[in-house]
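All of the numbers you see were taken from the coordinates with simple rules; none came from a lab. As the structure is a computational prediction, the values presented were derived from the model and not from experiment. Using ideal geometry, Cβ is built from the backbone for each residue, glycine included, and neighbour counts are taken over all protein chains shown.
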Amino acid sequence: MYLCLLREVPIKPSALVVRRAPVVASGGFDEAWPSGTDWALFIKLSKIIEFGYIDAPLVVMRRTGDATHVKNREEDQTLLLKVLSEEKRQLGKDPQALIEVNTSIAARYNELARLALIAGRKRQAAKSYYYGFAETGNIAMIGKAAAAFLPEGARNALRSAIRQRSAS
C-alpha cells in the first residue's frame, strides 16, 4: 500500500475505517492544512498498519463547487509536494518507490502548472514545469515549460499532435 500511496490515493477518506490508536500513533491529520491532509495521513498509516478492502459501497459522495479541496487546490498541491519530497528523501535507493514518488511529484507540478495556465499565469506555469523536471528528471516537463508561453490554441494543437503521434 505504501508504494501505491506514493503515486496516488485510491481511498476516499469518507470510506476509511481505522481504529483510533494507529491514527494517534501516526500523528493524525495536520489540522493546519486547509484540505488534502488525508493523503499525508494515509502515507503515515501505511508504515504502521495493513490496509484491507471491502468490495461494497460504503458511502455516498456529493461533490459541490465550493468544496475545500476545490477552493484550496493550489495550496493542497504545494503541501502535498512537501510531503512527497520528504518521503522521497527517506526512500534511499529503492527503484520502484522512486518511480512511484517521482510520478506523483510530476503530477502535482503538472496540476500546479495547469491551474496557473487557467489563471493566465504563464510564467508561473513554466516555473512549475521546470521545478517538476528538476525534482523528477521527467524530460517531458521541459517541453511543457517552453509550451506554456504559447497561446492556448497552439498548446492544444501541439498536445493533440503529440497524442496522435503517440497513438500511432
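Hey, what number do you get for the chain at 222 nm if only DSSP H runs of n ≥ 4 count, each worth -39500 (n - 2.57), divided across all residues, to the nearest 500?
Details: 9 runs with 108 residues, N = 168.
So the helix-based figure for the chain works out to -20000 deg cm²/dmol.
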Surface/4 of the Cα convex hull for region 2-61, nm²: 4.6
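Semi-axes, largest first, in whole Å: what does sqrt of 5 times each Cα gyration tensor eigenvalue give for region 96-168?
Numbers: eigenvalues 84, 56, 17 Å².
One finds semi-axes of 21, 17, 9 Å for region 96-168.
Over region 2-167, calculate the relative contact order: mean separation of alpha carbon pairs under 8 Å at least 6 apart, over the residue count, as a percent.
Values: 142 pairs, mean separation 30.8, N = 166.
RCO, region 2-167: 19 percent.
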XL table K82/K122; K93/K144; K47/K122; K93/K122; Cα-Cα > 32 Å flagged, in table order, is K47/K122; K93/K122
Among 90-96, 8-14, 44-50, 141-147, the order from most to least packed when residues are scored by Cβ within 10 Å on average: 141-147, 44-50, 8-14, 90-96
Computed over region 48-154, Cα set: Rg, Dmax in Å: 16.8, 48
Who wins for biggest fluctuation among A126, A25, A97 in a Gaussian network model of the chain, springs between alpha carbons below 10 Å? A25
Please find, in a Gaussian network model of the chain (springs between Cα atoms separated by less than 10 Å), the residue of L115, L79, L58 whose mean-square fluctuation is greatest. L58
